[in-house]
1. Under the rule a/c < 1.5 gives rounded, and otherwise a/b versus b/c splits prolate from oblate, where does the range 321-413 land using the Cα gyration tensor?
2. What full-extension length gain, to one decimal in nm, is calculated for Val225 and Cys309 as 0.36 nm per residue of separation minus the Cα-Cα distance?
3. Efficiency by 1/(1 + (r/R0)^6): what FRET value for Arg27 and Leu123, r their Cβ-Cβ distance, R0 = 56 Å, to the nearest 0.05?
4. Between Ala365 and Ala212, how many nm apart are label points set 7 Å from Cα along the C-beta direction?
5. Take the alpha-carbon centre of the range 277-308, take the same for the range 322-339, and report the distance between them in whole Å.
6. How big is the range 156-228 in terms of Cα radius of gyration and Dmax, in angstroms?
7. Over the chain, one equal point on each Cα, no solvent: what is log10 I(q)/I(0) by the Debye formula at q = 0.08, 0.09 Å⁻¹?
8. How far is helix 404-421 tilted off the main Cα axis of the chain, in degrees rounded to 10, range 0 to 90?
Amino acid sequence: MGGRWIEQWDPEDETFWREKGERIARRNLLFSVFSEHIGFSIWTLWSVMVLFMGPEYGIDPAGKFALIAVATLVGAVIRIPYTFAVARFGGRNWTVFSALLLLLPTGAAYAVMEPGTSYPTFLLVAALTGVGGGNFASSMTNINAFFPLHRKGWALGLNAGGGNIGVPVVQLAGLLVIGTAGAAHPRLVLGVYIPLIVVAAVCAALYMDNLAPVKNDTGAVKEAVRAPHTWIMAFLYIGTFGSFIGYSFAFGLVLQTQFGRTPLQAASLTFIGPLLGSLIRPLGGSLADRYGGARITLWNFAAMAAATCVVVYASVIESLTVFLVGFTALFILSGLGNGSTFKMIPAIFRTQAYASGLDGEEADAYGRRLSGAAMGLIGAVGAVGGLGINLAFRQSFQTAGTGTAAFVAFLLFYAACLTVTWAVYLRRPAEIPAKRQLSYSEV
């Protein structure tokens, strides 16, 4: 229980927020973003390491897709315990610990990254990087508690977007190393991140806070598990974040395998989509704050389906230029959708509170309680979508030598997400007592 603890926290109180709360919340947000950023870089480390693995490593494309798939899987599963760690140990304390834990996969990769290492060893080390994926869940749960409802879309979007930028940054680091030192020096990338991990942990220890009112609520967890909206939103989050992280892991390999790009050529293109998708995520949250998360999400899935059609066409005619246009659009739209879907979560449970007869602070408290419990589950299931994307690519390239079949499957899934969003959150309003009219279209 050591460290900086805040005993009272009420962000919905306008006076408290104006005089004290906003300053503290923004400071914690800043250093949460930094730590989560490093976590994302380590989680997606093997999207870069596979670019260094030439013929001398003796690993075919299917084997490389398996490496990034296992990292995706571990990162998705570990998000569940990370979600509850914040309330158990404190947001600051857990951020320090989870940052230092990143030294394990980074150091292990530094030790084994050379030709002659056995494939099972590479699989194990790739799996270790999954701990970086857990940082997202703990960070989002922590920041969700710091901000009032009307600022959650912006705060969660900025927190997640800043973290997501860790993906293109590590890919840029890989590009720099390949372009200057050559593809035989992957340890240079790892050497850069070891001191950055230490800096992130030290900053969290010095500048972040623990919120004493945030406690693990087993009742809320059980309610969230039973709530249909938890699993509906998890399904939609597979379509947005699952796409973002899955494409981030696979993009460079697709360029090498399907379009014959060299490691340097692939690295020079790989970072662009994740960078744009990360930068636009806060905008998705802000648009959802203004127009409603469900509306933004609906049109976003429609646009993702259209972009996927472009990618399928490019894959069939083997046009790299058209492929890059469509794939970059998919990254941007997945980032936008990440922001809008996560904004929906607290609003949905608050709407449910009004539907059950609660009002005012009681409704706010219920929304915070259930959304905090649900976010970890939704984030974990959403990340599993990245695993599905990498497995789909692996199967498609194994059987047909191209990713076309995988993209067709993604197109059908986006159509299903669009249908679910419309049917559940926009087709008809929720039944809310007359004292507070609110429909899911406002979510």
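1. Taking the square roots of the gyration eigenvalues as a ≥ b ≥ c, the range 321-413 is prolate.
2. Gain in length upon complete extension: 26.7 nm.
3. Working: r = 40 Å, r/R0 = 0.71.
Efficiency for this residue pair is about 0.90.
4. 1.8 nm
5. The distance from the Cα centre of the range 277-308 to that of the range 322-339 comes to 11 Å.
6. 19.2, 55
7. -0.42, -0.53
8. Tilt of helix 404-421: around 0 degrees.
The values are calculated or read from the model by the stated rules, or taken from the named source; none is laboratory data. Note that this is a predicted model, so its numbers are computed, not measured. Don't worry about glycine lacking a Cβ; one is built from the backbone with ideal geometry, like all the others, and counts go over all protein chains shown. The protein model used for the area step is the full one, side chains on, heavy atoms only, and it has no ligands, DNA or RNA in it. Shrake-Rupley method; radii C 1.70, N 1.55, O 1.52, S 1.80 Å.
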